[in-house]
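**Student:** Mind having a look at this structure? Questions to follow.
The values are calculated or read from the model by the stated rules, or taken from the named source; none is laboratory data. Note that the structure is predicted; figures quoted are calculated from it, not measured. Here Cβ is always computed from backbone atoms with ideal geometry, including for glycine, and neighbour counts include all displayed protein chains.
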Number of protein chains: 2
Amino acid sequence: MSYLDRIKACNTRDLSHFRPFQVGGVHVGFVRDDMASALKPYAEVFSVDEHAVVLRERLTSFEARTRAVGRVLKDLAKRGFLKGWRDEAYAVTPAFGAPALFVMERAAVPLFGVRAYGVHMNGFVRKAGRYRMWVGRRSRDKPTYPGLLDNTVAGGLPYGMTAFECLGKECEEEAGIPAELSRQAVPVGAITYCAETHEGLRPDVQFCFDLELPETFRPVCHDGEIEDFMLMPIEEVAAIVRDSEQFKFNCNLVIIEFLVRRGLIGPDEPDYVAIVQGLHQ
Amino acid sequence: MSYLDRIKACNTRDLSHFRPFQVGGVHVGFVRDDMASALKPYAEVFSVDEHAVVLRERLTSFEARTRAVGRVLKDLAKRGFLKGWRDEAYAVTPAFGAPALFVMERAAVPLFGVRAYGVHMNGFVRKAGRYRMWVGRRSRDKPTYPGLLDNTVAGGLPYGMTAFECLGKECEEEAGIPAELSRQAVPVGAITYCAETHEGLRPDVQFCFDLELPETFRPVCHDGEIEDFMLMPIEEVAAIVRDSEQFKFNCNLVIIEFLVRRGLIGPDEPDYVAIVQGLHQ
């Protein structure tokens, strides 16, 4: 078991059973063969053949695309192809920062292999040059990855919200970190990966943040997503990441990025270059 | 002009006039067509055809390869194909941390498009949350990139030296930073790029280090490589990087990485994801 194994786990997929998903002449995702078949009946919205899934060209506006795809997704949910409806709109864009082509229900994003963005924050305490990190345990009744370890705060970026706004909101809800503290969080980079999951494909970007917390502060979850927070010596967190699969798959990468950036993994590690590159695939 | 332009400048090449360079069945570099032609007369060492340059298979040991290639390189230097002999051995490896297949004179490394490793360190001063960075100006009589701006300390990694040893040595020679200070330098990651230069191809890895310096410390160059050091507000350094080409090409990336990592460029920058990924190509 190694750090590289965790990175590989986030970058394992077989694109041979996926088809490109195109909107307005732009490639924006990948649809797995089974989902492509499920989309065939909606011929007024999607053109599906063996090479690609294409949003019908007559749907040219943000509103028309959003409405048409939304109707299909509701029907797919009824038919059982789409589970865990969140009622959160995610942007479908050709690139980060570009205007959205349309928005889509969050739960459908991996089904279309559309790039999603999120925020992940490591809260830590530093004393005499030694780090301890706040680690969360996901609730046992969470629909996704129940009971696994998690970063201090993490959440998906819905349409129309900036990464900073999203972080402030998640800090408050997930860990009871008030705005005057969360405002001190520092954006430190991003990890990117492309994982095949049971739902489909996740070519994600997670914006990473650090927040140095006062020793007296204790995170408390207000939205029931995290059942417990633990303040752990960073060496212990590093060993869990390296030697086990106790963390939710992508949280491992956010911690590895922290270890690299803070010099807790250095160029004396033989996999160093592969690790650094692997965090940004 | 933008940060992305600096990243693009380090990743511009046309591989169509390069051929793969193979040693012991492993791809270790790229040789430009003109250099491939120059290698043809050395048929006992290199097999050259239109598809590849291959080190002769009868050269199986580290020593035999090093000796045979070394003889060719000395002759190429005499013939004017290899300039700026440094008398420094660089490792040719299939991957970072793997045993060297052989070693080669540093000046020849880009001619063979072999991956080189180096260390780059930003020395900085922090006061009330504001950063100033020590920037060097390269000597006007340096053979490479004379007069351009440079990171506080930078150097190539010779065979048999660790990144930490190399950094300590360069800190001492290039900036008069004593061991008790340079030992506090923190490894913070690496940048990777692949640039075509007038010499050939540079698919480099630069290990990045940060060193917070006391306000009273002034770097002094002992080896004549840097003519002057300036302590500049980080916003000024950032503007030079973004809006000009005053820095040596790869030093720009080391500074951009610093800006990202320390939250001085954040996800409100539209190019953020492209920048973060671009630093690790």
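**Student:** Out of the residues in region B:184-243 meeting the condition of being of a type in the set (Gly, Ala, Ser) and not in a loop (DSSP other than H, G, I, E, B), tell me which one is nearest to B:His17 (Cα to Cα).
**Tutor:** Result: B:Ala195.
**Student:** Could we say that A:Ile255 is in a helix (DSSP H, G or I), touching a helix residue (DSSP H, G or I) at 6+ places or on another chain (Cβ under 9 Å) and crowded, with 18+ Cβ neighbours inside 10 Å here?
**Tutor:** Spelling it out, A:Ile255 is indeed in a helix (DSSP H, G or I), touching a helix residue (DSSP H, G or I) at 6+ places or on another chain (Cβ under 9 Å) and crowded, with 18+ Cβ neighbours inside 10 Å.
Yes or no, residue by residue, for (1) farther than 19 Å from A:Gly200 by Cβ; (2) under 15 Å from the mean Cα position of the chain (by Cα); (3) within 14 Å of chain B (Cβ to nearest Cβ):
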{"position": "A:Thr66", "(1), (2), (3)": "yes, no, no"}
{"position": "A:Ala77", "(1), (2), (3)": "no, no, no"}
{"position": "A:Lys83", "(1), (2), (3)": "no, no, no"}
{"position": "A:Glu88", "(1), (2), (3)": "no, yes, no"}
{"position": "A:Ala98", "(1), (2), (3)": "yes, no, yes"}
{"position": "A:Phe102", "(1), (2), (3)": "no, no, no"}
{"position": "A:Leu111", "(1), (2), (3)": "no, yes, no"}
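**Student:** Same structure, new question: Select from region B:224-240 the residues that are in contact (Cβ under 8 Å) with a residue 60 or more places away in the chain and on the phi < 0 side of the Ramachandran plot and list them in ascending order.
**Tutor:** Within region B:224-240, B:Glu225, B:Ile226, B:Glu227, B:Asp228, B:Phe229, B:Met230, B:Leu231, B:Met232, B:Pro233, B:Ile234, B:Val237, B:Ile240 meet the criteria.
**Student:** Inside region B:139-183, can you point out the residues that are among the polar types (S, T, N, Q) and either over 27 Å from B:His198 (Cα atoms) or part of a helix (DSSP H, G or I) (or both)?
**Tutor:** B:Thr162, B:Ser182
**Student:** Among (1) in a loop (DSSP other than H, G, I, E, B); (2) over 22 Å from A:Tyr193 (Cα atoms), which single condition is A:Phe124 missing?
**Tutor:** Just one mismatch for A:Phe124, condition (1).
**Student:** Of all the residues that make up region B:129-146, how many are within 18 Å of the chain's Cα centre (by Cα) and either within 13 Å of B:Cys251 (Cα to Cα) or without any contact (Cβ under 8 Å) to a residue 40 or more places away in the chain (or both)?
**Tutor:** So the answer is 6.
**Student:** Can you pull out the residues in region A:263-274 that are within 7 Å of another protein chain (Cβ to nearest Cβ) and crowded, with 22+ Cβ neighbours inside 10 Å?
**Tutor:** Those that are within 7 Å of another protein chain (Cβ to nearest Cβ) and crowded, with 22+ Cβ neighbours inside 10 Å: A:Pro267, A:Tyr272.
**Student:** With B:Val125, B:Val135 as the choices, which residue is under 28 Å from B:Ile234 (Cβ atoms), surrounded by fewer than 20 Cβ atoms within 10 Å (Cβ to Cβ), β-branched (Val, Ile, Thr) and away from every other protein chain (no Cβ under 14 Å)?
**Tutor:** Sole residue among the options that is under 28 Å from B:Ile234 (Cβ atoms), surrounded by fewer than 20 Cβ atoms within 10 Å (Cβ to Cβ), β-branched (Val, Ile, Thr) and away from every other protein chain (no Cβ under 14 Å): B:Val125.
**Student:** Spot the failing condition for B:Glu174; the list is (1) closer than 30 Å to B:Arg32 by Cβ; (2) crowded, with 18+ Cβ neighbours inside 10 Å; (3) among the acidic types (Asp, Glu), and only one is missed.
**Tutor:** (1)
**Student:** Select from region B:243-262 the residues that are within 16 Å of A:Cys208 (Cα to Cα) and among the basic types (Lys, Arg) and write down the one among them that is nearest to the other protein chains (Cβ to nearest Cβ).
**Tutor:** Filtering first and then ranking leaves B:Arg261.
**Student:** Pairs only if they're at least six apart or on different chains, beta carbon under 7 angstrom, first in region A:187-210 and at the interface with another protein chain (Cβ under 7 Å from one of its Cβ atoms) and on the phi > 0 side of the Ramachandran plot, second in a strand (DSSP E or B) and at pLDDT 95 or above; list them, first residue then second.
**Tutor:** Partner pairs satisfying both residue conditions: A:Gly189/A:Cys208.
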